[in-house]
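S.K.: Before I ask anything, let me first share the structure, which is written out below as structure tokens.
The values are calculated or read from the model by the stated rules, or taken from the named source; none is laboratory data. These numbers were taken from a predicted model, which means no experiment stands behind them. In this analysis, Cβ positions are derived from the backbone assuming ideal geometry, glycine residues included, and neighbour counts consider all displayed protein chains. Only protein heavy atoms, including side chains, enter the accessible area calculation; ligands, DNA and RNA are left aside. Shrake-Rupley method; radii C 1.70, N 1.55, O 1.52, S 1.80 Å.
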Amino acid sequence: MDTKEVDSTGAVSCTGRDGGGATLATAEYEREPHPSGSLRTFGAFVQALREHAGLSRADLGERVSYSKHTVESIELGRRMPDQTSVERAEEALGNTGALRKAARHLTRGEAGLATWFRRWARLDREAVSLCTYECRLVPELLQSKAYARAVFEGTIALRVDEELEALLMARMERQVIIVEHL
């Protein structure tokens, strides 16, 4: 039989048995950091304006160049909106100036790592090596030259051609590690 206990911080400890009857190690699932009251209030305000305008989350997302899931995260106070999204939402929801004024008072809330990352961070501190599967990014030592170039060209800090070539050559030289160990 599985058991769950919640402590005063909101962390949940779970214990149970595997199919053979052995007791499983206790796994701790910690709560997400709490969003600030200002984020939740701002999100509720965005939601009210969106609903008043007769827009779905997907509709607003199209107008502000976000997915409906990102709009939902902002409305639920889980995501801090950037200035560009505030401006776009302001235009899409009537250009009253209310969102701009409300955005000035936003604070992030409780600091901390997201729950999905906490276990990895703990393991990373103790690990000799880590193995991971990345479904959205090819790890650097497995990148083709063209892929690596696209990664470097897509970084926020734009690079001059000479710097880009130097980074690309350094990455390609590190790939020799794979060939040497095959």
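S.K.: For Tyr133, Tyr66, Tyr147, give the ranking by accessible area with the largest first, probe 1.4 Å.
M.R.: Values: Tyr133 185, Tyr66 55, Tyr147 75 Å².
The residues order as Tyr133, Tyr147, Tyr66, largest area first.
S.K.: Of all trypsin sites (Lys or Arg not before Pro) in the range 116-178, which ones are in loop regions per DSSP and have a Cβ with at most 14 other Cβ atoms within 10 Å? Write out the running numbers ahead of the final one.
M.R.: Working: sites: Arg118, Arg119, Arg122, Arg125, Arg136, Lys145, Arg149, Arg159, Arg171, Arg174; in loops: Arg136, Arg159.
Taking the range 116-178 and a limit of 14 other Cβ atoms within 10 Å, the loop trypsin sites (Lys or Arg not before Pro) found are Arg136, Arg159.
S.K.: In addition: Rolling a 1.4 angstrom probe over the protein chains, ignoring ligands and nucleic acids, what is the accessible area of Ser129 in square angstrom, nearest 10?
M.R.: Ser129 has an accessible surface of roughly 90 Å² with all protein chains in place.
S.K.: At most 12 other Cβ atoms within 10 Å and a DSSP loop assignment: could you name the GluC sites (Glu not before Pro) in the range 118-165 that fit?
M.R.: For GluC sites (Glu not before Pro) across the range 118-165 that sit outside H, G, I, E and B with at most 12 neighbouring Cβ atoms in 10 Å, the list reads Glu134.
S.K.: Using protein chains only and a probe of 1.4 angstrom, how many square angstrom of Phe117 are accessible, to the nearest 10?
M.R.: For Phe117, solvent-accessible area is about 70 Å².
S.K.: Further, regarding this structure: Treat each spin label as a single point 7 Å out from the Cα along the C-beta direction, and report the Arg119 to Leu141 distance in nm.
M.R.: Each label point is offset 7 Å from its Cα along the Cβ direction, giving 2.4 nm.
S.K.: Right, something else. In square angstrom, rounded to the nearest 10, how much accessible surface does Ser36 have for a 1.4 Å probe?
M.R.: 10 Å²
S.K.: Kindly identify the range 81-182 as rounded, prolate or oblate by the Cα gyration tensor criterion: order the square roots of the eigenvalues as a ≥ b ≥ c, call it rounded if a/c is under 1.5, otherwise compare a/b with b/c, prolate if a/b is larger, else oblate.
M.R.: On the way: a/c = 3.45, a/b = 1.68, b/c = 2.06.
In terms of gyration-tensor shape, oblate.
S.K.: Between Glu173 and Lys101, what is the spin-label point distance in nm, taking each point 7 Å from the Cα along the Cα→C-beta axis?
M.R.: Using points 7 Å along Cα→Cβ, the separation is 5.8 nm.
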